[in-house]
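Coordinate-derived values only; no laboratory data. No experiment lies behind these values; they were computed from the predicted model shown. Note that we place each Cβ from the backbone using ideal geometry, even for glycine, and neighbour counts take in every protein chain shown.
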Amino acid sequence: MKSTQTRLTSCLTLLGALLIGAGCQGALTEEELAAESDLQMSMATTEQAAEEEPRKVEDIMGGLDQEEGLLHVNEKYTDVALRQLQAVDLGDGSYESTDELTGVATRFQVKTYPLDSFIRLWKFCAATGEWVFFWRPCPTKIIDNGIIRIWLNSSCARKVQSAGWGACFGYGPGYSGRYYYLEAWKCGVGTGFCVERYAARTLRFNYNVAGCNAGNLLNASTTQGDFLCRSKAPLFCQ
């Protein structure tokens, strides 16, 4: 029998893959729906206790559009934004940044703007509570917003979820599942800088045996993502 370590050869690869694909799980059972409901209540409680988030457009100093490969940035903060992204100069007018939460590398070029012009690039989308570039339609789901935002007057200080396992549940003869809630942080008001990008927040692990035996992991998927500045992988990844 393969060990959990063999099945999950790289936790970074796993979480990166989970970020991209939500996985097809079929209809939820009553137990699963209850677990989802408990999760949402837990999140609401944590969010209420979180520090204020930076949401003024004047507090955005840069936005990396991963699809078009462009970093749009307030010209005053170009160097700061590149440092926050840990960008590597490729020597041909482009840079590369590897996302520390997902392991995804993005190659991009830089386009600078004076403050007044930079502010006009953004619009607020109430459905997801996010700032996006004006030429993009407002997303209906957080996952559809492919922008990495870099904030000033902020810090990675808003803990929005504590880490932990949910209860094991059965969803078919000989099958079981369990949710893992990653310790998750968002950008909060502060005196420094903060980078927010889309990353996994809640994972679901499925087992081809009753009782959620870790040695019988069948597959895993993301059940919820969010814009985060920091998160912690499951304990078996550490």
Next on the checklist: On a straight-distance basis, which lysines could pair with residue 123 in a cross-link, Cα separation under 21 angstrom, same-chain partners fewer than 8 positions away excluded?
Outcome noted: 56, 76, 111, 141, 186
Next on the checklist: Please compute the length gained on full extension between residue 171 and residue 96, using 0.36 nm multiplied by the number of residues separating them and subtracting their Cα-Cα distance.
Outcome noted: 22.7 nm
Checklist entry - In what sequence, highest mean first, do 197-204, 129-136, 58-65 appear when ranked by Cβ atoms within 10 angstrom? => result 197-204, 58-65, 129-136
Checklist entry - What is the sum of charges around residue 108, taking Lys and Arg as +1, Asp and Glu as -1, for the other residues whose C-beta is under 10 Å from the C-beta of residue 108? => result -1
Checklist outcome for this item: By the C-alpha gyration tensor axes a ≥ b ≥ c (rounded if a/c is under 1.5, else prolate when a/b exceeds b/c, else oblate), the shape of the stretch 101-169 is prolate
Item to check | Extended-chain gain in nm, criterion 0.36 nm per residue less alpha-carbon gap, residue 134 and residue 214 | outcome: 24.2 nm
